[in-house]
Structure formats: C-alpha cells, structure tokens
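The values are calculated or read from the model by the stated rules, or taken from the named source; none is laboratory data. The structure displayed is predicted, hence computed values, not measured ones. We place every Cβ from the backbone using ideal geometry, glycine too, and count neighbours over all the protein chains shown.
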Amino acid sequence: MMLVPITYKGGVYRLDEIIDYIEDLGGYIVQRHNIASEVVLQVLMPKEDIKRLITFSRPLAGEVTESPLVGTEIVVVIPSLEIHHLPHSACDVAEYLRSNGSKSNILGMARGFGKRIAQLNDEERDLINEHDLAIYVLGNFASCIETKFPKLRRGITVPIILTGAPDRDVLEKQTDPPVAGYVGGLGRFMHRTQTEADIHRLDLVIEEVEKVVAARRQEIANDPLSVSPARLQAIIKQEIPEIEEVYSPAPIAVQLNGLRLKLSYPEYAQKVRDLVIEDEVKVGDVADVLPSRMRDYILIRIRPLSETNIVV
Amino acid sequence: MSGLDYFEVECTEEGSDNYNKIATTVLQDHNLLGIVEGLHIYINPAYPLFVATGFIRQTRSVIRVSDVGNVLIQDGKATISVGDETYLAAMLKMFWQKFGHDNVDQPDRFTVIIKNVDIPKDLREWVVIDPSESLFKDLIYAIQVIAPEGFKVRRENYGKNRFSFAASENTLPAEDIEKIIADRFAKMEETLR
C-alpha cells in the first residue's frame, strides 16, 4: 500500500467525521494546525482513496491538495543567526517550506560566517544529518560560496540544496562534488519576500526540494521500510500518552525514514523499543531508537525490509 | 536611491545589485535616508574587504522640553502636558536626575508634574536629547548591518560631516584602506560639490 502525502483544509464543523474517515481509509494524520476557525491537516493516505475523501468532504467545503513535502523534516542551514542581519531570507524559506507541508527547522551555525574563517562543528554536522534534506542559504558572491561551501558541507550525508545570489549555472559549475539541487538568485537580502519576483524564487526552492524528495522517496520504495513512519507515529501517540503534554510545535516529527520523538531519551527509549506494533513485532525489531543531538530527544530510524525481512 | 544625492556600490565581482538593495533597505529601516547625503560602498570579495564612505547632511535640531509638550508654570508647580511621547522617557530620566524621583510625578500617561522644588525659568528650553550625539553611532551601526556577516576586524572613523568604515575578516591593510577611502571621498566630493 503506497501512502501519498496530502493536505486537507477545512472548517471545524464535522471535522471529527473527516478525521474518522481518513483513519478508516487507512490514512494517518501527521500534523494538525488550527488556524482561527480553519483546520489544516497534513495526512499520509493510500493513493486510491484520495478521490473518496474528496467526495466525502465536498459538502463541507473541504479542500484536498497533494503536497509532496508532508512527512519530511527539512533543515534550513545558515552561516549565523546574528540579530542585526535579520530579517534573514532563511526565515522566508523556512516559512514557505512549512506552508507547503514540511516540518522545517532553521540551523544557524556558531561560526559559519565569513569566508576564510567559516567552520562547521560536530554538533551542527550531526544535527543536519538527522534531517531528510538540508537547504543551505548562502550569500551574494560566487567566490565566497566557492571557498566556504566545502567547509560547511564536510561530513554531511543527507542531500543538500545550495542556494545563493549567483545564477544557478554558476553555482552548479563551481560545486564539486555536485549536490542534489541548486537555486540561484536568492542570497542575502534585508527585506521580507513580498513581491511576485521574490515569491517566485521561493517557489523555485520548493520545486527543487520536491524533486529531491521525490527521488529519495523512490529510493526508499525500492527497498521499503519495515513500517511506515506515519504508522509508528500513530502507535506512539496511542501508547505513550505523555506525548500529549509536550508543547513543541511537532511533538512527533515525521521524516521520510523515521521519526523525531520529543521525549527524553534516557527515560523513554526502552519504552519505545518495547512498543508492540503487531503480533510479536516490536519497534526495537524494525527500527533503531537513537539519542538525537537535538536536546535529549529520541531519533527513530526505521530499518528497510532488506535488513529485517519484516514488513508490518 | 531616493533621498541620497550620491549613491554607488562598487564591487570587484558580480553582485553589487544585491548590496544596492540591502543598503537601501537598511538605511530606510534605520530612518537614516534623510541624514545621509552621499554613500559609496566598495566591496572586494577576494580579500575580502568592505569599505563604506559617506557624507552626512546638517544635523537635526535638538529636542527641547517644549517640543515634548506644553509647559505650564503656576503656583510653584510645572505641569507638562505631553504631546509627543517619543522623547518622554528621556525627559523623565533627565527630570529625575535633576529634581529627584519624589518631586516628579506622572499622574497619567500624558501629564508630568514637577513640584516641591524651585522651577527654573528656562525649563522650556532645557535640552532633552541632542540627536547628533547618537547619530554617528546609529550610522556606524547601520553600516555594520549592511556589511557582510563575520567581518569582525573593523575600523571606523567619523568627524565633521563625513564618516568611513572598513571591515574584513582578515587584518586590514592600513595603507591600502587609507588610499581607498581618500579616493572615494575625492570622487564623491567631485560629484557633490
């Protein structure tokens, strides 16, 4: 069964019926946002049932759209978070990713600024590697990016999308070895993105991200995960009620091949490993439960079928 | 850029357009467009080096107590009905220092009463804030914001009605910078005067 990411937008009226319907069809609600009287649900559900949901929600004026970024956690990496350089273009990039369904984090490096003096430390490297994808938002000069980017990408194993002010071709030409995606014409600017031209540039970022995510999803489909991250999320929600008391925006962040669980690792790791998914299969059998470098959170990496020989 | 008589971004590499935009936004955000007469920015990403030189206009006049609100001196009391709250905090601070906390009363948001002390006759003329004092500080701060991140080695100069700012992540080559600054000032003077 292939789960497809969609976004559902609708009113509060009879929302419970929609949620029940999605769950009955075998879908999972990855994230829920209440915005005034509107509710936005980010859902992973079987592809063939989307039409049914559209029909079902029509009388309620609900809106169903495909949004490939649902169920991904993306990090926006910038050289520094210095206060006098805000509003940073990275804020707009991150916000735009969020409105397209992804869970986005911003990572401002401690010493990423400058050209010669730029550096990446081990904590930053590990944090970036915990995400599905990293977007590097760099500056205005091609020669600067050329010098500092190799330092900032050292040890990064996740796909990278490089953005900067120089044209896409220039970035592509000077990056060796190549990265997963490039977006030109962005760079450092001090205003919020409001004009059409600005927003078009953000659309290009999303386009590039979608391309990379689609490739990554395809890669995973070739050797499917032992359990869907969305299903694991539902089980954790059900079995560990303490997660309801976590006030982070996304207590369980769903990734392409795992989850970030915002509970203390020393306290909950064993509990998570012992959770029963089905029959005698436990979480510990199909996934690695690891300490995350983000606070003391838990990072769950689901193992593929080829390693476990189980699909639940 | 509107408001400036001279504005140029000189760059040894492609990318000056972006700095054009950044400088405009920052000066606008910091409310400095009316004060800066001319600005020349020189960027050399190869070294890397960032140099800004500029002229400023005649400074704004000082803010006096009478600019903050109407002053009524009666029965050994001074009542100030505040019209412009912008400098209220600065005025109160000054009063507290001169008259003491106990003698300055603010019964509501728009009224300040001074009592129990001799009210100086020239109270209306007292200077609350002299904007030119903080002007260069504001200006240098704004230029720092325009400069690329991480340029921690800085050298700034101001006097009379001109200022210069140089920054890099490497040691600054003093002589080269002097020359760059002098050249740019000469060029600006030629255009402006």
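Table: residues versus (1) farther than 24 Å from residue A:102 by Cβ; (2) more than 14 Å from chain B (Cβ to nearest Cβ); (3) in contact (Cβ under 8 Å) with a residue 24 or more places away in the chain.
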| residue | (1), (2), (3) |
| --- | --- |
| A:129 | no, yes, yes |
| A:150 | yes, yes, no |
| A:174 | yes, no, yes |
| A:184 | no, no, no |
| A:195 | no, no, no |
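Select, from A:57, A:80, the only residue that is over 20 Å from the mean Cα position of the chain (by Cα), in a loop (DSSP other than H, G, I, E, B), surrounded by fewer than 22 Cβ atoms within 10 Å (Cβ to Cβ) and of a type outside the set (A, V, I, L, M, F, W, C). Walk me through how you get there before you give the answer.
Details: A:57 fails: in a loop (DSSP other than H, G, I, E, B).
The unique qualifying residue is A:80.
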Every listed condition ((1) hydrophobic (A, V, I, L, M, F, W, C); (2) in contact with a strand residue (DSSP E or B) (Cβ under 7 Å, 6 or more places away or on another chain); (3) surrounded by 13 or more Cβ atoms within 10 Å (Cβ to Cβ); (4) without any contact (Cβ under 8 Å) to a residue 60 or more places away in the chain) holds for residue B:56 save (4)
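Can you name the helices (runs of 4 or more DSSP H) wholly within segment A:145-263 that have at least 2 residues being within 21 Å of residue A:293 (Cα to Cα) and either modelled with pLDDT under 95 or within 20 Å of the chain's Cα centre (by Cα) (or both)?
Values: elements: A:168-174, A:196-222, A:229-239.
Per the criteria, A:229-239.
Residue B:127: farther than 29 Å from residue B:174 by Cβ and over 23 Å from the mean Cα position of the chain (by Cα), yes or no? Give the derivation first.
Working: farther than 29 Å from residue B:174 by Cβ: yes; over 23 Å from the mean Cα position of the chain (by Cα): no.
So residue B:127 does not fit the description; no.
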I'd like to know if segment A:130-150 contains one or more residues that are out of contact with any strand residue (DSSP E or B) (no Cβ under 8 Å at 6 or more places or on another chain), surrounded by fewer than 15 Cβ atoms within 10 Å (Cβ to Cβ) and among the hydroxyl-bearing types (Ser, Thr, Tyr).
no
Selection status of residue B:39, away from chain A (no Cβ under 14 Å), over 17 Å from residue B:131 (Cα atoms) and within 24 Å of the chain's Cα centre (by Cα):
yes
Residues of segment A:133-144 satisfying the condition of being assigned to a loop (DSSP other than H, G, I, E, B) and either polar (S, T, N, Q) or closer than 13 Å to residue A:182 by Cα (or both)
A:138, A:140
Residue, nearest to residue A:293 (Cα to Cα), within segment A:131-144, restricted to residues that are in contact with a Pro (Cβ under 7 Å, 6 or more places away or on another chain) and facing chain B (nearest Cβ under 9 Å):
A:139
Which one is farthest from residue A:113 (Cα to Cα), of the residues in segment B:157-179 that are hydroxyl-bearing (Ser, Thr, Tyr) and surrounded by 12 or more Cβ atoms within 10 Å (Cβ to Cβ)?
B:158
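Among residues belonging to segment B:25-36 that are of a type in the set (Val, Ile, Thr) and under 12 Å from the mean Cα position of the chain (by Cα), point out the one that is surrounded by the most Cβ atoms within 10 Å (Cβ to Cβ).
Of the residues in segment B:25-36, the ones of a type in the set (Val, Ile, Thr) are B:25-26, B:35-36.
Cutting the leftovers down to under 12 Å from the mean Cα position of the chain (by Cα) gives us B:35-36.
Working: B:35: 21, B:36: 23.
Among those residues, the one meeting the criterion is B:36.
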Looking for whichever is away from chain B (no Cβ under 14 Å) and either touching a residue at least 12 places away in the same chain (Cβ under 8 Å) or under 25 Å from residue A:34 (Cβ atoms) (or both) here; the options are A:125, A:116. Which one fits?
A:125
